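Shown next, in structure tokens, is the structure this report addresses.
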Amino acid sequence: MNRLALRTLSCAVVMSVALAGGVQAQAAPPAMSSLPDFTSIVQKNAPAVVHVEAKYSGKKQAKGRSAPRGMPGAPGDDDSDDPQMEMFRRFFGMPMMPSPEEQARTSLGSGFIISPDGYVLTNTHVVDGADTVTVRLQDRRVLTAKVVGSDPQYDIALLKVDAKGGLPSVTVGDSRTLKPGQWVLAIGSPFGFDYTVTQGIVSAVGRNLGSQDQPYTSFIQTDVPINRGNSGGPLFDLQGRVVGVNSQIYSNTGGYQGVAFSIPIDVAMNVVKQIKEKGYVSRGQLGVMVQQVTDDMVKALKLDNANGAAVTQVTKGGAAEKAGIRPGDVILAYNGQSINSSADLPPLVGQTPPGTKATLEILRDGKKENIPVTVAEMPRDKNAVMASADADQPAARTGASALGLSVQELDSDTRQQLGLKPGEGVGIGNVTGSAAARAGLQPGDVILMVNQKKVGSVSAFRDATKDAKPGDTVLLLVRHGDQSGFIGLTVPGGKDE
């Protein structure tokens, strides 16, 4: 018997002697309430959850999302060298895993049916650029899915399948009512194990991951075990309503480590609505660049704390400039919602319909002011939506979206800071494609030339890239910091990729 066990036993003996001597025992603490029973939620909703499989022809690779912060990429990532998987193969009769080449041509994920007529939600990174997409239902039916549209910024894709007699569908909830500590439940296909159920609690809401990863999304953070293959699956509350779309995990190993992120269902359904009505997703824009308030700024500006977003640059002709916002202003609130960090602002503005009047609470020269502003529309690439509902297959993307990046205009102040001439270069606003990310392109870089042709505006960039087709290699002259260099990007989908 070990020392710990002996000590425990000794305590029991002393207690029994004390009780025998007439000492009254204290009343036992009240029993904890029983844990929730999730079986009814699973039985009701599992038929509406689907396994998603996206295939890529030839040498085309399954497209994983870039993985900052230790987050794994596509659920088709190779785990064939994992010793645990080998143990499963040897001792539990698990079928041999496909070769790395086969896995590279397939992306596996989850999804869920949002309406009986066959609309399905999943993540963009599960199906992005796929040649064919299929979904498998709980009754083992396999249906071909059309990609109606997708939005890389929110990482939401809308699929459509045809089935006679209607399909089981989920009940959509309200993610805005979630609070930390609430029980939540996930159903999905981690590592290809269909209809795996995991549970946990909401760890935090309104979690922003920064400018490098979905800056316009305020995530739901949970401790629900989420792994590769759960991407695109539903997150349920105790009433059996979908409150989120499982999307990412924070991990140093590629496996679940207790921190998972889901896209709020309100954000996802807004994407669905816009894709159905307009064929694309629009976002609001103020036309400012902001940074976190630092300790030095707190001292220099005599601020009470480091809350807020400090304005470092105002776009000429943008909504903020028209409203009178200046560099040096600190944005404290947006439409009454406090801005605790610079990452809080983009999701609020991005989800505001263009043309909406909003109010900014700012700190200027030590005084608080409320400034009205009319939110503008963020420039968009019209090719960002992959296909229309009546297309036979996802349309091949061209131009900037095919390269996996978006560009934006440079104002005169930015050009002057970078040592550029007027009408020279366009800025990279966001990098959405794996090829562009692997090439080292980053938001803030400046593209000076496309195929040795100078570009100085978004329209010029689009004209220079509009004919880029899958398999073409586009040569970019890119300015990063104070250095410039040529980068060749091959448009995904070609036979030589």
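None of the figures in this text is laboratory data; all of them are computed from the coordinates on show. Since the model is a prediction, treat every value here as computed from it, not as a measurement. Neighbour counts are summed over all protein chains in view; Cβ atoms, including those assigned to glycine, are modelled from backbone coordinates with ideal geometry.
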**Message:** Using a 10 Å cut-off around each Cβ, can you sort His480, His125 from fewest to most neighbouring Cβ atoms?
**Reply:** His480, His125
**Request:** Please report Rg over Rh for the stretch 399-490, where both radii come from the alpha carbon positions and Rh follows the Kirkwood definition.
**Result:** 0.93
**Message:** Rounded to the nearest 20 debye, what is the charge dipole size of the stretch 284-377 about its Cα centre when +1 sits on each Lys and Arg Cβ and -1 on each Asp and Glu Cβ?
**Reply:** 240
**Message:** Between the stretch 272-292 and the stretch 156-228, how far is it from one alpha carbon centroid to the other, in angstrom?
**Reply:** 21
**Prompt:** Where the only charges are on Cβ atoms (+1 Lys, Arg; -1 Asp, Glu), what is the dipole of the stretch 237-283 about its Cα centre, to the nearest 20 debye?
**Reply:** 220
**Fill in**
Hydrodynamic radius by Kirkwood for the stretch 235-342, inverse mean 1/r across distinct Cα pairs, in Å, is 17.3
**Prompt:** Along the positive direction of the dipole of the stretch 399-490 (beta-carbon charges: Lys, Arg +1; Asp, Glu -1; about the Cα centre), which of Asn430, Ser412, Leu475 reaches farthest?
**Reply:** Leu475
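Where does each of Arg141, Arg136, Arg415 land when they are ranked from fewest to most other beta-carbon atoms within 10 angstrom?
In increasing order of surrounding Cβ atoms, one gets Arg141, Arg136, Arg415.
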**Using distinct alpha-carbon pairs, which all enter the 1/r mean, Kirkwood radius of the stretch 284-377 in Å** = 12.9
**Message:** List the residues, sorted by chain then number, that are 5 or more residues from Thr132 or on another chain and whose placed amide H is less than 5 Å from its amide H.
**Reply:** Lys55
